[in-house]
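One structure is given here, and the rest of the page talks about it.
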Ligand code: TZD
Ligand code: CA
């Protein structure tokens, strides 16, 4: 006789999940009771942090991750994180405990009212099983659904009295199931697409986060070299799909219609892989593409393909398609694009340091394969210009632009990648949304180096106020926060520095320490 609980843990095991991220409440305790010894529970002190850690973990492992939240209130706290996870195609199984079935109708305390409505539209699927006996099938479906293309979060609301019930013997069949996808181009379609690329006289490649998610960076490099095409990263990039040191690399595209069409002037074919077309931010109307250019998008996401306002799209496995194209195109006869000009490294400065100088120091002193989880919003462009990222999985940013991602995600990425140093670069505004992630880092000894860029303001918003010509906006400064005290309060080593040499020393020590630590560095305002 197997309980629903035992069968569920078995299903998770069979699907490679033995870590649960969460913040528990009474509705979740029956699921967690007699917690199996081969599982690990990672406690977050806020649900936005739980989902952020799970998101980082899922993205860095490339596998589904489970988050257990408390009913409606816990789900609500996690919604900002869910917006990021939805946009980054992160395979998350989000479960929330529901009140006991016998009382749901009377709406006692902690009922998750209309539970399946709550996380929409930021989940692929939202479900509350009709019977306890349906929980294993629901969990199995959630596991498969979360990672099938396009991957994304799913939500299950589970009444807490279900776990003790007996599983139906037939539901044991779920344990052996595999669900796989294909998604490669058939040879004729690959040849036709390659021929279109070959015919182009001046192609350009634009890569998005799903190239990195598919671990297809190497295929993108080969394709770019064969085509002798310049490569841009798609606007509002949450990951780094191409080595920033590669001679064909051109940097980050701007996030406006006219900005993009201006920059792509002269190209007759725009090949976009692993990104929406396009994730704009600022509204600068204009042509969507330069005159005479056609566009081809390769995406794992049918929704991304169908909502694109221009060009042709192919939906499939981004990695397999890029690999096939890289093989199928003829080596171009034109000369390779000119290496981009990169800004000169800044010389040592005095306090407050230029943010660019801090980035230069970090790039110089960090291990070559370090991973950056970023939420320093006014320095994003500077990072794409200055940082030398070569390995896949080197950069993560909240994919919906929702702050409160990077602090917890850095903890999840470091848990997933213990052999690479994770550096969380966080603005002094952003640092406040999910600050309790510091506690999880300290308690689980997850050795992230948190660098807090303290410029005393919401720098990116100051810049955006200028774009929108919105003068006289209140609430743009964040003075009077002591991150060293906060860091120490949550159990981290923490220091404040304001000179070049002090930063270099603190940063080097932090990397060597092998423990989580926080460096607060005073920086000057930056214009993105
Ligand atoms: N709240 C949430 C959850 N997400 C947001 N994106 C914002 C508010 C708005 N916002 C931005 O988009 S950037 C920003 C805010 C408040 C300023 C962040 O300031 P910072 O970094 O100190 O972290 P910079 O470098 O000073 O911009
Ligand atoms: Ca700031």
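Observations on the model:
- In segment 106-120, residue surrounded by the fewest Cβ atoms within 10 Å (Cβ to Cβ) [restricted to those that are out of contact with any strand residue (DSSP E or B) (no Cβ under 6 Å at 6 or more places or on another chain), on the phi < 0 side of the Ramachandran plot and touching a residue at least 12 places away in the same chain (Cβ under 8 Å)]: 113
- Given (1) over 22 Å from residue 282 (Cβ atoms); (2) part of a helix (DSSP H, G or I), number of the condition residue 462 does not satisfy: (1)
- Of all residues in segment 466-476, exactly one satisfies the criterion of being within 11 Å of ligand 1 (Cβ to nearest atom) and surrounded by 12 or more Cβ atoms within 10 Å (Cβ to Cβ), namely 476.
- Selected residue (criterion: surrounded by the most Cβ atoms within 10 Å (Cβ to Cβ)) from residues of segment 427-462 that are within 19 Å of the chain's Cα centre (by Cα) and near ligand 2 (Cβ under 9 Å from one of its atoms): 431
- Meets criteria (in contact with a strand residue (DSSP E or B) (Cβ under 7 Å, 6 or more places away or on another chain) and either surrounded by fewer than 18 Cβ atoms within 10 Å (Cβ to Cβ) or over 23 Å from residue 384 (Cα atoms) (or both)) for residue 291: no
- Listing of helices (runs of 4 or more DSSP H) fully contained in segment 170-245 that carry 3 or more residues being over 24 Å from the mean Cα position of the chain (by Cα): 187-199, 217-227
- Looking across segment 428-446, the residues that are more than 14 Å from ligand 1 (Cβ to nearest atom) and either under 21 Å from residue 502 (Cβ atoms) or in a helix (DSSP H, G or I) (or both) come down to 437, 438, 439, 440, 441, 442, 443.
- Verdict on residue 69 being under 22 Å from residue 433 (Cβ atoms) and in contact with a strand residue (DSSP E or B) (Cβ under 6 Å, 6 or more places away or on another chain): yes
- A search for C-beta distances below 6 Å between a residue of segment 455-482 that is closer than 30 Å to residue 495 by Cα and any residue that is loosely packed, with under 10 Cβ neighbours inside 10 Å, counting only pairs 6+ apart in sequence or on different chains, returns 456/479.
- Selection from segment 47-69 of residues that are out of contact with any helix residue (DSSP H, G or I) (no Cβ under 6 Å at 6 or more places or on another chain) and over 20 Å from residue 445 (Cβ atoms): 58, 59, 62, 63, 66
- Residue list for segment 355-379, restricted to those being within 16 Å of ligand 1 (Cβ to nearest atom) and closer than 17 Å to residue 422 by Cα: 358, 359, 362, 372, 373, 374, 375, 376
- Any chance residue 423 is more than 17 Å from residue 352 (Cβ to Cβ), within 16 Å of ligand 1 (Cβ to nearest atom), at pLDDT 95 or above and assigned by TED's automatic domain parsing to the domain that holds residue 372: yes
- Boolean, residue 405 is in contact (Cβ under 8 Å) with a residue 24 or more places away in the chain, outside the structural domain of residue 48 (by TED's automatic domain parsing), within 26 Å of the chain's Cα centre (by Cα) and crowded, with 22+ Cβ neighbours inside 10 Å: yes
- Segment 247-267 - residue that is touching a strand residue (DSSP E or B) at 6+ places or on another chain (Cβ under 7 Å) and in a loop (DSSP other than H, G, I, E, B) and, of those, surrounded by the fewest Cβ atoms within 10 Å (Cβ to Cβ): 264
- Candidates 494, 504, 510, filtered to the one that is crowded, with 19+ Cβ neighbours inside 10 Å, away from ligand 2 (no atom under 15 Å from the Cβ) and in a helix (DSSP H, G or I): 510
- Selected residue [touching a helix residue (DSSP H, G or I) at 6+ places or on another chain (Cβ under 7 Å) and either in a loop (DSSP other than H, G, I, E, B) or under 23 Å from residue 50 (Cβ atoms) (or both)] from 487, 480: 487
The values are calculated or read from the model by the stated rules, or taken from the named source; none is laboratory data. None of the values given here were measured: they were computed from a predicted structure. Neighbour counts are summed over all protein chains in view; Cβ atoms, including those assigned to glycine, are modelled from backbone coordinates with ideal geometry.
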